[in-house]
Amino acid sequence: MLLAGRFGVGVKAYFVFLRYLLCLNFISFAIIAGSVISPSLYKRPINITTTWNKSLFLDVFLGSGFMEDTPVFYGFYKNVSFGTKCLNTAFFFFLGMLIMLLLNLIMIVRRTVVGYKHTWLTGIHFNANMSYKVFCGWDFCIREPEAATLKHSLIRNELKMDLEEQRFRQKVLSRSLKQRVLLHTLRVILNFVVLVLLGSSFYLIYFATTELEKYMTKKLHWTLELLFSYRSPITITIVNSVMPQIFSSITVYEDYSLSTQLNVTLVRSILLKLGSLAMYIFFLKGNDSSKCAETEFGKEMYKLTIFHALATFCNTFLVAFPRKFLVEKCLSSNFLKKVGKQQFVIPLRVLDLVYSQTVTWMGVFYCPLLPAISILKLLAIFYISKFNLVRCCDPAKKMFRTTSSSVLFNFLLLLGLIMSVVTFGVNIVRYRNDTTTGYISRNCGPFPGNESVYIVASNCVNTFPPAAQESLRYITSEAFAYTLILTEIIILTFYMSRGRANKKAMERLRDMLVMCSSDKRYLVKHHATLLRKQKKNIKRSQK
């Protein structure tokens with residue numbers, strides 16, 4: 001309530017979304033710990049002896065050296081059997097990852113559907129709730145003055161959003177034909193500018209990932225070596241920090257409503273963030289036969305996760321806090337007054353979380369402890385963001401309605417999960433002992449010598465009774481997929497038809513209520529007329 005009252009309900013939605021990601025990572029880590037890490041540690045305990053030096057410091061940040069022989073990365077895990085083909089670490093590894101991704105998918109789809117249902121029920125017009133917020137919005141359990149002040153701020157912010165939406169709708173209705181043509185022309189030009197910016201960003205990431213490596217011809221100092229190893233994460237972070245700010249400024253000139261500005265900025269920024277991540281992964285090189293290609297991929301996701309946490313810390317304590325200090329101390333500077341304190345831009349903060357979670361899903365197969373690292377990172381981001389919001393930021397000048405945007409947040413998260421699953425499927429083919437793919441994978445990890453990780457599941461199924469084998473093969477066949485799709489289409493058609501029927505019934509009931517109100521007004525007027533006539537007749541009879 002403290003954050004929502006001072007900075008609006010959009011900030012509250014951000015922290016609720018962050019807490020939801022924490023729950024997702026807790027569940028993912030619990031599944032991985034039980035199905036992947038525990039069986040492997042039972043057969044292969046960790047035995048590492050190291051002394052602290054700068055090489056160890058580099059190993060921690062780069063995931064190299066002794067880190068490669070820890071449960072953090074894919075190469076640590078070996079295929080160890082416990083007696084049968086279904087009881088081995090490889091099958092547990094595959095089953096744990098599959099359950100984790102399916103459970104994440106179910107939770108996100110359910111959250112998205114529930115949010116969409118709530119948005120559809122509330123509708124797109126908000127003036128119907130104005131009287132409720134004015135006359136029934138107060139919480140009479142509040143006794144403290146500070147809590148009362150925060151509640152005043154919360155109600156005021158909600159009313160400001162309602163009035164802003166109403167003002168924009170009136171502005172749209174008053175536009176002339178010439179104004180609409182000019183506005184659409186301007187939007188086409190600005191969308192072309194956005195495409196140019198996206199293309200430039202992708203090329204910059206490609207240059208940092210592939211071209212800069214050609215210039216590393218000699219041994220560098222360990223600090224320069226660390227920076228050079230992080231060249232791609234640094235480039236991605238800079239692009240993801242600068243470009244969304246430009247996109248947010250562009251939407252102002254496109255003259256959208258505040259909610260539409262939020263959604264357009266989100267869509268453009270997620271295209272940038274997921275596109276930059278896809279570009280980075282596509283141009284990763286893994287043709288060194290002396291290294292485990294899967295572990296090398298896990299290292300890259302590990303570095304992206306570590307640098308994202310460092311970037312969040314630096315943005316707060318090296319940018320936002322000094323900026324706030326200068327603004328408060330140098331009151332005579334017109335430039336600092338114009339710049340002001342940093343504002344907590346909700347769309348960009350949410351996209352950072354979506355980007356972070358997408359990296360976690362992409363790397364979890366090759367870096368199984370990545371959900372645990374993400375838990376620590378999200379906890380740190382929670383407290384750093386709270387400090388940044390309360391101590392370093394001003395309340396946003398524009399309030400955003402988050403009812404429909406929360407659905408978009410979850411949809412973007414679902415898009416990140418789908419992208420991660422596609423990347424996993426591509427990497428299964430990419431990291432094989434096949435020269436045609438351009439990647440040579442050393443026989444490392446729990447699936448050495450297998451053409452595909454699905455072989456371990458097939459070997460387990462072959463030990464089942466014939467009836468169970470036939471049932472499982474049918475479930476994984478194309479015929480079952482077609483049946484499932486057809487069933488889903490029938491169910492979807494049924495619910496759409498029922499929704500249309502319910503909508504028509506609601507319209508009829510609404511018309512009946514209007515007619516009932518008209519009948520009541522007519523009866524009241526008729527009754528009043530009869531009373532007046534009766535009074536006149538009584539007066540005449542008395543005379």
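Bear in mind these aren't lab numbers, they're just calculated from the coordinates by the rules spelled out. Computed from a predicted model, the values in this text were never measured in an experiment. For neighbour counting, all protein chains shown are included, and Cβ atoms are generated from backbone atoms with ideal geometry for every residue, glycine included.
Using the Cβ-Cβ distance between Leu159 and Asn191 with R0 set to 45 Å, the FRET efficiency works out to roughly 0.85. The eigenvalues of the Cα gyration tensor, multiplied by 5 and square-rooted, give segment 496-543 an equivalent ellipsoid with semi-axes of 46, 4, 4 Å from largest to smallest. Counting neighbouring Cβ atoms within 10 Å and putting the fewest first, the residues Lys341, Lys525 line up as Lys525, Lys341. Measuring r between the beta carbons of Tyr495 and Val421 and using R0 = 41 Å, the FRET efficiency lands at 0.95. Multiplying the residue separation of Thr529 and Phe168 by 0.36 nm and subtracting their alpha-carbon distance yields 125.6 nm. Between the amide H of Asn88 and those of Phe82, distances stay under 5 Å, these residues lying 5 or more places away or on another chain, with hydrogens modeled in the peptide plane. Scalar couplings 3J(HN,Hα) for segment 340-356, obtained by applying the Karplus form with A = 6.51, B = -1.76, C = 1.60 to θ = phi - 60°, are x, 6, 5, 9, 7, 7, 4, x, 5, 5, 5, 5, 4, 5, 4, 4, 4 Hz; x denotes Gly and Pro.
Projecting the Cα positions of Ala501, Gln534, Val514 onto the charge dipole of segment 496-543 (unit charges on Cβ atoms of Lys, Arg, Asp and Glu, taken about the Cα centre) puts Gln534 furthest along the positive direction. What pairs in Lys273/Lys303; Lys329/Lys386; Lys160/Lys503 have C-alpha atoms more than 20 Å from each other? Listed pairs above 20 Å: Lys329/Lys386; Lys160/Lys503. Each of Ile485, Ile381 was scored by other Cβ atoms within 10 Å of its Cβ. Listed from fewest to most, they are Ile485, Ile381. Look at Trp138, Trp361 and count the other Cβ atoms within 10 Å of each Cβ; fewest to most, that gives Trp138, Trp361.
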